[in-house]
1. Hey, how much of the P(r) for the stretch 30-111 falls beyond 21 Å, as a percent of Cα pairs?
2. With everything on Cα atoms, drop me the angle between helix 2-44 and the longest principal axis of the chain, reported from 0 to 90° to the nearest 10.
3. If you place +1 on the Cβ of every Lys and Arg, -1 on the Cβ of every Asp and Glu, and leave all else neutral, what size is the dipole of the chain about its Cα centre, to the nearest 20 Debye?
4. When the chain is treated as a GNM, springs tying every alpha-carbon pair under 10 Å, which of Phe79, Phe14, Phe44 comes out with the largest mean-square fluctuation?
5. Could you tell me how many degrees, from 0 to 90 and to the nearest 10, lie between the Cα long axis of helix 50-60 and the main elongation axis, the longest principal axis, of the Cα atoms of the chain?
6. Can you tell me the 0 to 90 degree angle between the C-alpha axis of helix 94-111 and the longest principal axis of the chain, rounded to 10?
7. Rounded to the nearest Å, what's the spacing between the alpha carbon centres of the stretch 11-33 and the stretch 53-97? Just the number, please.
8. Per DSSP helix of 4 or more residues, -39500 (n - 2.57); summed, then divided by the residues of the chain. What does that give at 222 nm, rounded to the nearest 500?
Amino acid sequence: MNEMIGNIAGGAIFIIALICLYLAYRHRRLRAKRLTGDLLNGYFQSAIPPDQLGQRTREIASRQFIASNEFYSLVTAAFQSAAAAKLGQQTHSVEEERTLLKLLADLKTEFGLTDRYRIEGWRAGRE
């Protein structure tokens, strides 16, 4: 009887430890996501140079996060919100468009991002 109670208590402690580890991991990931999103928004407002953004992002987030689809979606969302803010006005210039696209290209170069969701057109021999 005492052995069974000890096994149950040990199992409960093990489960609680796993839950604590998961919550710590999740908190770290959400914090990295939030801070990285703030950095990206500042970058597209031309407040941060690309090399400094790269350094600060690497300090905040892990390599796995930077290489993930989640990071790519944060970059895309920050770019789209900056484009909507700057180009949503009736009078925007080609220079503003060029600046935003250059910022995106510099960011892709800094982190080695590719166009992951690029639609490949029809190729001969593909069905």
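Laboratory data are not the source of any read-out in this text; all were calculated from the coordinates shown. Computed from a prediction, not measured in an experiment: that's the story for all the values here. Please note: Cβ atoms are built from the backbone with ideal geometry, for glycine as well, and neighbour counts cover all protein chains shown.
1. 24
2. Value to nearest ten degrees: 10.
3. For the chain, the charge dipole is close to 140 debye.
4. Phe14
5. 10
6. 40
7. Here the answer is 29 Å between Cα centres.
8. Value at 222 nm, helices only, nearest 500: -25500 deg cm²/dmol.
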